[in-house]
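Inspection log for the structure reproduced underneath, given as structure tokens.
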Amino acid sequence: MLCKTKTSGRSGFTLVELLVTIAILGILLGLLLPNLAAVQQTAKAGAQSATLQQFGKGFIDFQTLDREGRFTTSMFDHMRDGDITRIGWVADLVNNKYAMPGKAIDPVNTMTISEKFTDASGASSSGDFNNWRWRSVLTKTAAGTVVSSGTLAKGETYFGTTQTVFADGYNAPWATTWHFGRGDNLTSGTGTNTNYFTTDVAADGDSKCPGDADGPLSVDHISGPRFVSQAAKIGLMGAARTGDSGECTLTSAMCNTMNSFADPTGRRRIVKVGDITLESFCDGPSASLDTGSLTASNTEYYQAYNAQVHENNDITPNCKQKVTKNSANPNGILAGGYANVLFADGSVRRVEDQFGFEGKGDSWIGAYRANGGITGDFVFDAEAYEEVRDEMYVGRLRSPVVSGGGSLE
């Protein structure tokens, strides 16, 4: 006689149990996602800091071996400073095998190509070559008018069709300070001379070129008796902001040139139409000092001999930003984060974007655009001072030599 085994009538979850389970999972997911995003932001900021620390070690190693005690040979700027594979901070790191900036991209930034790489690739036709570095490839008429702005000194014409400039790491998705690559300005501004064939090095080239300052940051700047700050406050570099769309948004023709230059075989495309390239270095001592809110009695940055202070506008505080609204940006902008900044003592520290326009984060470190706008001149006022007061120096590195000065001069 066969026996029947009694089985349960249930074969799975009831509808109520399934709905309850889904609801619980939804609640847990809702709790985890914001934390996951925060963890990802923290991890990216940490990776950014680690990359800057690696660069800093390379600069200090370079300085100890350089006969002039410089932290770098120059800025990363093909047209103003010269061949990016031979001169500039990127070449210093790559050629000495300290680091490969072009491959050490900023994990926080969505853009990865420096605007100065467009110049080297031949994709950009804006700007003029600095005669001091490019005299051999510039020509002029009898009247001195420039008829060739160094077209033979860029792209495949200069580097050849088998070059590996991009693959070898000669790109810079990072922005440096004026102090780092230029030193102290020679005038109250950043230079205005456009006589590219003058023999006067100090006036040779356009604004922001090497002749506008006394040379890259060196031990002479930070150890002499005229040094007015401390190495731990002299910023060198940080994450680069995207450039102004009118001059840095890549067109189809620019993309074709850059992609061909980066990989003539056509197998690799480094940019696409609409990408915005990254700034290379800060403009330097061109922020207007608000003497109404800043006076010699309440700030170390006020200097009677130079009523302008350094912009650090091309270093962006892109870590942990939030949407911030103000009267100039009623729809909100990303602001209120912090910038990881590499300093001359090799340390990497946070510089918070916490003050500025209308007393809150404004997406700038220190000096910010007047009236909180995205265009116009930069102003340095009491709130900008409060933001960088104990963090990042924005004045001259050395007190200037003056007629009738003391024994140190």
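The values are calculated or read from the model by the stated rules, or taken from the named source; none is laboratory data. Since this is a predicted model, take the numbers as computed values, not measurements. A quick note on method: Cβ atoms are made from the backbone with ideal geometry, for glycine too, and the neighbour counts reach across all protein chains shown.
Report whether or not Asp283 is acidic (Asp, Glu) and either modelled with pLDDT under 90 or closer than 18 Å to Trp364 by Cβ (or both).
Spelling it out, Asp283 is indeed acidic (Asp, Glu) and either modelled with pLDDT under 90 or closer than 18 Å to Trp364 by Cβ (or both).
Looking at (1) assigned to a loop (DSSP other than H, G, I, E, B); (2) under 18 Å from the mean Cα position of the chain (by Cα), which is the one condition that is false for Ala239?
Here Ala239 clears every test but (1).
Inside segment 350-409, can you point out the residues that are on the phi < 0 side of the Ramachandran plot and of a type in the set (Ser, Thr, Tyr)?
Within segment 350-409, Tyr368, Thr375, Tyr385, Tyr393, Ser399, Ser403, Ser407 meet the criteria.
Is it fair to say Arg86 is in contact with a strand residue (DSSP E or B) (Cβ under 6 Å, 6 or more places away or on another chain), basic (Lys, Arg) and either in contact (Cβ under 8 Å) with a residue 40 or more places away in the chain or surrounded by fewer than 21 Cβ atoms within 10 Å (Cβ to Cβ) (or both)?
So Arg86 does not fit the description; no.
Given the residues Asp290, Asp275, Asp220, Asp263, which is the only one that is under 19 Å from the mean Cα position of the chain (by Cα) and touching a residue at least 60 places away in the same chain (Cβ under 8 Å)?
Step by step, each of Asp290, Asp275, Asp220, Asp263 is checked, and only Asp275 is under 19 Å from the mean Cα position of the chain (by Cα) and touching a residue at least 60 places away in the same chain (Cβ under 8 Å).
Looking only at segment 341-353, decide whether some residue is among the polar types (S, T, N, Q) and closer than 25 Å to Val323 by Cβ.
No: segment 341-353 contains no residue that is among the polar types (S, T, N, Q) and closer than 25 Å to Val323 by Cβ.
Would it be correct to say that Phe129 is of a type in the set (A, V, I, L, M, F, W, C) and either under 20 Å from the mean Cα position of the chain (by Cα) or within 30 Å of Ile222 (Cα to Cα) (or both)?
The answer is no for Phe129.
In this structure, is Ala45 of a type in the set (Gly, Ala, Ser), within 20 Å of Val165 (Cα to Cα) and buried (at least 17 other Cβ atoms within 10 Å of the Cβ)?
No.
Looking only at segment 242-260, which residues are within 12 Å of the chain's Cα centre (by Cα) and among the polar types (S, T, N, Q)? Walk me through how you get there before you give the answer.
To start, the set of residues in segment 242-260 that are within 12 Å of the chain's Cα centre (by Cα) comprises 242-243.
Matches in segment 242-260: Thr242 only.
Go through (1) under 22 Å from Asp290 (Cα atoms); (2) touching a Cys at 6+ places or on another chain (Cβ under 8 Å) for Val379 and report which single condition fails.
So Val379 meets the others, but not (2).
Could you check how many residues of segment 228-252 are closer than 16 Å to Ile113 by Cα, small (Gly, Ala, Ser) and at pLDDT 90 or above?
Of the residues in that region, 4 qualify.
Residues being buried (at least 16 other Cβ atoms within 10 Å of the Cβ) and either closer than 30 Å to Pro107 by Cβ or among the charged types (D, E, K, R) (or both): count how many of those fall in segment 227-255.
Adding up the residues that qualify gives 16.
With a cut-off of at least 2 residues that are touching a residue at least 40 places away in the same chain (Cβ under 8 Å) and buried (at least 20 other Cβ atoms within 10 Å of the Cβ), name the strands (runs of 3 or more DSSP E) lying wholly within segment 317-409. Show your work before the answer.
Working: elements: 322-326, 329-335, 338-343, 348-352, 378-380.
Result: 338-343, 348-352, 378-380.
Filter segment 314-362 for residues that are farther than 28 Å from Ala231 by Cα and among the β-branched types (Val, Ile, Thr); which is nearest to the chain's Cα centre (by Cα)?
Ile333
In the list Thr375, Thr316, Thr299, which residue meets the criterion of being within 19 Å of Ala240 (Cα to Cα), modelled with pLDDT under 90 and of a type in the set (S, T, N, Q)?
Going through Thr375, Thr316, Thr299 in turn, the sole match is Thr375.
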